[in-house]
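Have a look at the structure below before the remarks.
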């Protein structure tokens with residue numbers, strides 16, 4: 001998007017904010033066409049065509065619009081073979097933007113509705129790209145399990161809470177996490193460190209440290225701020241929270257036990 005925005009000096013209001021372009025945008029020009037002919041252009045995409053995709057274009061006189069299909073203007077797609085797209089006009093191209101394909105064929109009429117210069121001059125130009133409607137991902141968080149075991153001061157780092165973050169779409173990110181607790185067991189003073197991990201295998205064991213902090217026992221607040229936001233994929237992302245307990249004073253084998261629930 002940036003190159004077309006910069007090239008045409010688009011204001012924020014002129015940008016195509018209602019759509020996302022997973023393979024970026026193309027800006028090309030085909031010359032020396034027979035006048036009033038239609039050019040066939042094949043483009044290799046950087047990612048496969050997503051579901052419900054369309055082709056969007058930008059023309060200065062019109063702004064952004066959906067590619068016009070008629071007798072002289074068409075869209076088609078197919079899958080690459082050994083990372084190469086078939087030549088224009090190949091029979092493997094089907095007249096649809098098929099989900100999963102990574103090659104598209106544009107048929108653009110010289111001077112037609114999709115030709116950016118709008119002139120019958122043997123030149124076809126096309127700023128545009130594969131687009132999907134922008135949707136704000138919905139994100140929810142749920143407790144998978146908590147650890148109500150009895151811990152002692154000499155215990156090492158323990159997983160005390162497993163969480164599941166569910167995103168309806170990719171594109172959301174986790175910047176911070178705050179948890180509140182209440183009840184008799186939230187006034188704990190034996191904790192030296194709390195940590196938030198990603199649990200990639202969903203096996204209850206953290207494998208990637210996301211953030212660490214101190215438990216504020218005066219108000220039962222547990223808050224993490226991630227130094228690097230976690231990009232959420234569509235579906236479930238599993239997290240675990242661990243507590244690290246203070247050690248017993250030198251010479252003592254054990255201290256009073258304490259039960260911690262979150």
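Total residues in segment 98-129 satisfying the condition of being within 30 Å of residue 237 (Cβ to Cβ) and either touching a strand residue (DSSP E or B) at 6+ places or on another chain (Cβ under 6 Å) or not assigned by TED's automatic domain parsing to the domain that holds residue 78 (or both): the figure is 3. Taken over segment 107-124, residues that are surrounded by fewer than 18 Cβ atoms within 10 Å (Cβ to Cβ) and assigned to a strand (DSSP E or B) amount to 0. So which of 182, 176, 254, 192 is modelled with pLDDT of 80 or more and surrounded by fewer than 17 Cβ atoms within 10 Å (Cβ to Cβ)? Going through 182, 176, 254, 192 in turn, the sole match is 176. Inspect all residues belonging to segment 196-209 and state whether any of them is on the phi > 0 side of the Ramachandran plot, modelled with pLDDT under 90 and assigned to a loop (DSSP other than H, G, I, E, B). For segment 196-209, residues on the phi > 0 side of the Ramachandran plot, modelled with pLDDT under 90 and assigned to a loop (DSSP other than H, G, I, E, B): absent. Would it be correct to say that residue 42 is at pLDDT 90 or above, assigned to a loop (DSSP other than H, G, I, E, B) and under 22 Å from residue 22 (Cα atoms)? No; evaluated as a whole, the condition is false for this residue. Out of everything in segment 141-156 that is surrounded by 13 or more Cβ atoms within 10 Å (Cβ to Cβ) and modelled with pLDDT of 90 or more, what residue ends up being farthest from residue 244 (Cα to Cα)? Only one residue tops the list, namely 141.
The values are calculated or read from the model by the stated rules, or taken from the named source; none is laboratory data. Small disclaimer: the values here were computed from a predicted structure and weren't measured. For neighbour counting, all protein chains shown are included, and Cβ atoms are generated from backbone atoms with ideal geometry for every residue, glycine included.
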